[in-house]
Amino acid sequence: MMNYILVPIIAIAIAFGWLKLFRRLHVLDKPGNDLKNTRKPVPTIQGVFVYLAFFVIIALLFPWYLHNNLFWGLFFGSLPIVIFELFEELNYIGKISFKIPASLRLAMHIVWALLAVWIWGFAHQEIIINGYIWVMPQWVLAIGFVARSIICINAINRFDGIYAQASGVSSIGFLTIFLLIQFVVFKHYTNFTDANLQTLLFVKNISFVLFWISLVATVVEYKPLGLMRDVGIMFFWFSLAYLSVVGWAKIGTLVVTLSLVIFDAIWVWLWRMFVMKKSPLKGDYTHLHHRLLGLSRTRKEVRWFVWIWSIIMMIFILIQWTDRLNKIIIFTVMALVFFGVNYYLFIIKKLPCGLAMKKNN
C-alpha cells in the first residue's frame with residue numbers, strides 16, 4: 001500500500017523537475033505552428049520524463065521486477081520508440097540537423113517488438129472457444145503482438161492533436177487494466193497457477209504506475225506547462241499493447257474502452273482511400289478532433305468529449321464483469337453509432353470532414 005502512495009509523489013517530482021531542467025536548457029517547442037495556439041514556448045519532449053519516471057519508480061518501489069523478463073521485455077521493446085521519436089522531435093525544434101527515415105523507424109519498431117516477445121519468453125497460448133481448446137503457436141502470438149503494437153502506436157500518433165487529449169486517453173487505458181484485474185479477474189476467478197498469478201500482479205502494478213505517470217503527463221500538457229510529444233505518447237500505447245497481450249483476457253476490454261481512437265483510425269483510413277483517393281498513410285487534418293473543430297467545437301469541448309466517451313466505455317465494460325456477449329454488443333453498438341453519425345454528417349450532409357489546412361513538415 002505504501003508503494004501505491006509513493007508512486008504519484010515520485011511521478012510528480014520527476015515531471016516538474018524535468019520541466020525545470022528543459023526550460024533551463026531551452027529545449028522548447030515552436031508555438032503558433034500547426035494547430036498550436038499562439039503562446040510562449042514551453043518545454044517539449046517531456047516524454048523522456050515518462051520513460052525515466054517509469055524506470056525510477058520500478059527500481060525504487062518494485063525492485064523485484066528488475067529480475068523479471070516481463071519488465072525488460074516492455075522496457076527494451078519500447079526503447080527504439082523513445083530514441084527515434086526523441087531524434088525526430090530534436091530535429092523538429094532545430095536542435096539537430098539529420099532526420100531518421102520513416103521506413104527505418106518502422107523497421108526498428110518491428111524488430112524491437114519481436115525482441116520484446118523474445119525477452120518476455122511466452123510460450124504457446126491455449127484459447128478456449130465453446131469448449132474447444134485451440135493451441136496458438138508462439139510465432140502466431142509474436143506476429144499478433146507486433147501488428148497490435150504497430151497499430152496502437154500509429155493510431156495514437158495521429159490522434160494526438162490537442163494538448164493532453166492522448167495523455168488523458170492513455171491514463172484511462174491503464175486505469176482500465178488495473179481495475180479489470182483488481183475487481184473483475186481477482187474477484188471472479190480463483191484457480192490461478194503461481195505463474196499466472198505473478199503475471200497478473202505484474203500487469204496490475206505496472207498499469208498502476210503508468211496510470212499515474214500518464215495522469216501527471218495529462219496535467220502537464222493541459223495548459224500546457226510542457227508537451228509529451230510522440231516520445232511519451234507512443235511509449236504509453238506500446239505499453240498498453242504489451243500489457244493487454246501479457247494478460248490475454250484484457251484485450252477485448254481495452255479495445256472497447258479505447259474504441260474512439262480505434263474507430264477514428266479506421267474511419268480516416270477509409271476516408272482517405274475511398275473519398276480522397278490517396279494513400280491512407282499520408283497525413284492530413286481529417287481525424288476526430290479535426291472534424292469536431294471543423295464543426296465549430298472548441299479544443300476544450302473536444303478534449304472532454306474524448307475523455308468522457310472513454311470513461312463511459314470503461315465503466316460500461318467493467319460492470320459487465322465476465323459477460324463477453326454483453327461486451328461484444330456494447331462494442332458493436334458503439335461502432336454503429338460512431339460510423340453512422342460520421343456517415344450522416346460527412347457523406348450524406350456533406351459537412352467539412354476536418355480542417356482545410358496545409359500539413360506542416
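Shown here are the Rg and Dmax of the Cα trace of segment 2-348, at 20.0, 61 Å. Could you point to the residue in 114, 195, 9 farthest towards the positive end of segment 2-348's charge dipole, with +1 and -1 charges on the Cβ of Lys/Arg and Asp/Glu respectively? Toward the positive end, the furthest listed residue is 9.
Derived from the Cα gyration tensor, the three semi-axes of the equivalent ellipsoid of segment 192-281 are 30, 21, 10 Å, largest first. What's the FRET efficiency of residue 201 with residue 114 using the Cβ-Cβ distance as r and R₀ = 22 Å, to the nearest 0.05? Rounded to the nearest 0.05, the efficiency is 0.25. Scalar couplings 3J(HN,Hα) for segment 41-56, obtained by applying the Karplus form with A = 6.51, B = -1.76, C = 1.60 to θ = phi - 60°, are x, 10, x, 10, 6, 6, x, 4, 4, 4, 5, 5, 4, 4, 5, 4 Hz; x denotes Gly and Pro.
Here each label is just a point 7 Å from Cα along the line to Cβ, and for residue 67 and residue 335 those points are 4.5 nm apart. Spatially, segment 270-330 and segment 53-120 are offset by 27 Å when compared through their Cα centroids.
Between residue 355 and residue 191, the distance separating the two model label sites (each 7 Å from Cα on the Cα→Cβ line) works out to 5.5 nm. In this structure, the amide hydrogen of residue 28, modeled 1.01 Å from its nitrogen in the peptide plane, lies closer than 5 angstrom to those of 44, counting only residues at least 5 positions away or on a different chain. Once both labels are positioned 7 Å from their Cα atoms along Cα-to-Cβ, the gap between residue 304 and residue 277 label points is 4.2 nm. Rounded to the nearest whole Hz, the Karplus-based 3J(HN,Hα) values (6.51 cos²θ - 1.76 cosθ + 1.60, θ = phi - 60°) of segment 2-18 follow the sequence 4, 4, 5, 6, 6, 3, x, 5, 5, 4, 5, 4, 5, 4, 6, x, 5, with x at glycine and proline. In a simple Cβ point-charge model (Lys, Arg +1; Asp, Glu -1; nothing else charged), the chain has a dipole of about 1360 debye relative to its Cα centre. Summing +1 for each Lys or Arg and -1 for each Asp or Glu among the other residues whose beta-carbon sits under 13 angstrom from that of residue 280 gives +3.
We did not get these values from a lab; they are worked out from the coordinates using the rules stated. Just so you know, these numbers come straight off a predicted model, no measurement behind them. Virtual Cβ from ideal backbone geometry, glycine too; neighbours counted across all protein chains shown.
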